[in-house]
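**Q** Structure in structure tokens, see below.
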Amino acid sequence: MSLQMVPTISNASLLQPGFSLLNFDGHVLFFGQKGWPKRSCPTGVFLLDIKQNELKMKPAFFSKDSCYLPPLRYPALCTLRSDAKADEYQYIIHGGKTPNNDLSDKIYFMSLVNKTSKKMTFQCIEKDLGGDVPEARYGHTINVVHSRGKSMSVLFGGRSYTPLAQRTTEKWNSVVDCLPSVFLIDFEFGCCTSYILPELQDGLSFHVSIARDDTIYILGGHSLQNNTRSPNLYKLKIDLPLGSPAVTCTILPGGISVSSAIVTQVSDTEFVLVGGYHSDNQKRLVCNTIVLEDSKIEIVESVSPEWTPDIKHCRTWFGCDMGKGSVLLGIPGANKQLIPDANYFYILRCKGAEEDKEEESITQICSQTSSEDPGDSTAFEDSEEFCFSAEANSFDVDDADTYNEDDEEDESETGYWITCCASCNIDINTWVPFYSTELNKPAMILCSSGAGHWVHAQCMDLSETMLLRLSEANVKYFCNTHVDLNKGLQTPQKVVCLKKQPMKPLRKKKTMKLSTSTKKSFLRRLFE
């Protein structure tokens with residue numbers, strides 16, 4: 001094993017505990033930043049690129065038919081292949097915490113749909129599930145098993161917020177262990193089924209799970225209810241016949257009491273267990289090798305790297321698997337760095353020296369500038385690279401496309417993140433898509449008042465139907481501020497007066513005049 005320090009230069013505060021790394025064909029993507037995405041990377045997904053001894057982060061691009069993927073921390077993710085030996089795969093992402101500390105119960109599929117020399121395009125699709133749908137959670141695991149030519153996903157563990165009926169003012173956002181149920185998810189039909197197994201008594205979170213064929217091994221994990229780290233090693237076997245699936249659990253000897261450990265795969269049957277905690281105040285500095293062969297598991301202690309004094313003496317650490325037998329580790333920077341919330345980072349390579357050199361040479365070839373037609377390799381738009389220096393000489397490559405932030409237009413004044421009106425509530429740090437047509441920028445519409453200016457459709461209280469009509473119709477639009485002023489400046493239309501026919505005068509009714517003698521005669525007859 002070899003440990004390489006990666007001293008941070010800037011913007012390292014985005015990498016906080018709970019982030020995830022995805023590996024597509026040797027290209028590593030960072031997912032789950034701290035806070036909502038900003039102008040530099042509206043999608044919140046970054047491509048890690050190693051050039052000229054620096055680890056840079058470039059924004060990843062998504063296709064137009066992709067759904068919005070929020071930055072989720074502590075989600076469960078795994079790769080999904082059509083079969084166990086297929087080369088193409090996609091990532092399954094479930095649950096996690098949003099920057100608002102809300103828990104997600106949604107499940108996403110992320111895949112690579114297009115790749116050129118300078119640009120990779122991804123697709124993200126949200127899946128709808130039915131049946132026993134798992135509740136929103138974080139700190140859990142998801143794996144894919146293959147049995148009898150079929151594939152299913154298995155979800156287990158995690159934590160969730162206390163149910164609303166049980167919350168109190170003092171402990172409103174307290175978390176509890178999820179029930180120790182095993183969920184089988186069939187993505188072909190979009191249905192979930194939960195299983196309660198007698199061997200699984202306590203809920204576990206931040207455990208380790210490794211899948212091979214039709215078997216999943218669950219190692220360690222923390223239980224909030226008992227405040228313990230499970231020493232058990234569980235073996236879940238999933239059989240997928242033509243009828244109902246069969247799920248069995250066996251407790252095996254040789255488990256490890258650990259939580260928040262990281263597993264990286266170094267060969268087809270060999271894995272390395274790194275990091276984690278023995279207890280709340282004790283890190284686990286021992287590494288283990290896990291070998292899976294013939295439905296058996298073997299866990300042995302391996303030679304640990306030479307941990308630096310900073311790693312040995314820090315109270316907490318975190319990280320994630322980079323793929324190809326490498327792990328990115330982080331420790332708090334404490335008061336040693338001027339940037340708040342900044343951390344120190346290390347890359348731990350768990351392969352042998354010869355395999356490391358071979359992998360590094362491949363990395364060099366993949367990182368070099370290609371001679372393809374520049375028309376097929378559009379430069380990154382709105383990119384802002386976050387740099388991390390690396391000391392390894394193996395990553396020396398030519399950097400022909402160095403990004404210069406000074407060349408980028410300041411969108412805070414002229415772009416999508418302007419203050420369009422006095423009641424504008426669009427904030428670059430907290431904005432989330434409002435319309436279905438939005439992906440990484442708010443929808444805007446041109447006000448035709450004067451020289452014209454852009455306003456946010458959401459601030460104008462436009463419905464999605466009205467916004468689509470205005471975008472399709474060739475009409476002028478005036479914002480809420482100028483709509484009344486525009487009406488006052490318009491020349492009033494000439495009103496055509498209708499001619500009224502004169503009414504005929506009413507004729508007076510004729511009255512009869514009676515003589516005095518006639519009146520007396522009438523009264524005399526009336527009283528007789």
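The values are calculated or read from the model by the stated rules, or taken from the named source; none is laboratory data. Please read all numbers here as calculations on a predicted model, not as lab measurements. For neighbour counting, all protein chains shown are included, and Cβ atoms are generated from backbone atoms with ideal geometry for every residue, glycine included. When the accessible area is computed, the model is the full protein with side chains, heavy atoms only, and any ligands, DNA or RNA have been set aside. Shrake-Rupley method; radii C 1.70, N 1.55, O 1.52, S 1.80 Å.
**Q** Regarding segment 131-139, can at least one residue be identified that is under 15 Å from Cys78 (Cα atoms) and in contact (Cβ under 8 Å) with a residue 24 or more places away in the chain?
**A** Of all residues in segment 131-139, those under 15 Å from Cys78 (Cα atoms) come to 138-139.
Add one more test, that the residue is in contact (Cβ under 8 Å) with a residue 24 or more places away in the chain, and what stays is 138-139.
There is at least one residue in segment 131-139 that is under 15 Å from Cys78 (Cα atoms) and in contact (Cβ under 8 Å) with a residue 24 or more places away in the chain.
**Q** Now for a different question. So which strands (runs of 3 or more DSSP E) stay within segment 154-234 end to end and still have 1 or more residues that are assigned by the TED database to the domain that holds Pro134 and within 25 Å of the chain's Cα centre (by Cα)?
**A** Values: elements: 159-161, 175-177, 181-186, 191-196, 208-212, 215-219.
By residue number, 159-161, 175-177, 181-186, 191-196, 208-212.
**Q** Could you run through segment 228-263 and say how many residues are under 16 Å from Thr193 (Cα atoms) and of a type in the set (D, E, K, R)?
**A** 2
**Q** I'd like to verify a number: residues in segment 121-151 that are over 27 Å from Leu224 (Cβ atoms), within 23 Å of the chain's Cα centre (by Cα) and crowded, with 19+ Cβ neighbours inside 10 Å, how many?
**A** So the answer is 3.
**Q** Shifting gears a bit: Tell me, yes or no, whether segment 103-120 has at least one residue that is assigned to a strand (DSSP E or B) and closer than 29 Å to Thr228 by Cβ.
**A** Restricting attention to segment 103-120, the residues satisfying the condition of being assigned to a strand (DSSP E or B) are 103, 107-115, 120.
Still in the list and also closer than 29 Å to Thr228 by Cβ: 103.
Checked segment 103-120: at least one residue is assigned to a strand (DSSP E or B) and closer than 29 Å to Thr228 by Cβ.
**Q** If I filter segment 245-268 for residues that are outside any strand (DSSP E or B), in contact with a Cys (Cβ under 7 Å, 6 or more places away or on another chain) and either modelled with pLDDT of 90 or more or under 23 Å from Ser181 (Cβ atoms) (or both), do I get at least one hit?
**A** Step one: of segment 245-268, the residues outside any strand (DSSP E or B) are 245, 253-258, 260-261, 266-268.
Then keep just the ones that are in contact with a Cys (Cβ under 7 Å, 6 or more places away or on another chain); that gives 266.
Remaining after also requiring either modelled with pLDDT of 90 or more or under 23 Å from Ser181 (Cβ atoms) (or both): 266.
Scanning segment 245-268, I find at least one residue that is outside any strand (DSSP E or B), in contact with a Cys (Cβ under 7 Å, 6 or more places away or on another chain) and either modelled with pLDDT of 90 or more or under 23 Å from Ser181 (Cβ atoms) (or both), so the answer is yes.
**Q** Further question: How many residues does segment 233-259 hold that are open to solvent by 50 Å² or more (accessible area, probe 1.4 Å) and farther than 30 Å from Gly149 by Cα?
**A** Of the residues in that region, 2 qualify.
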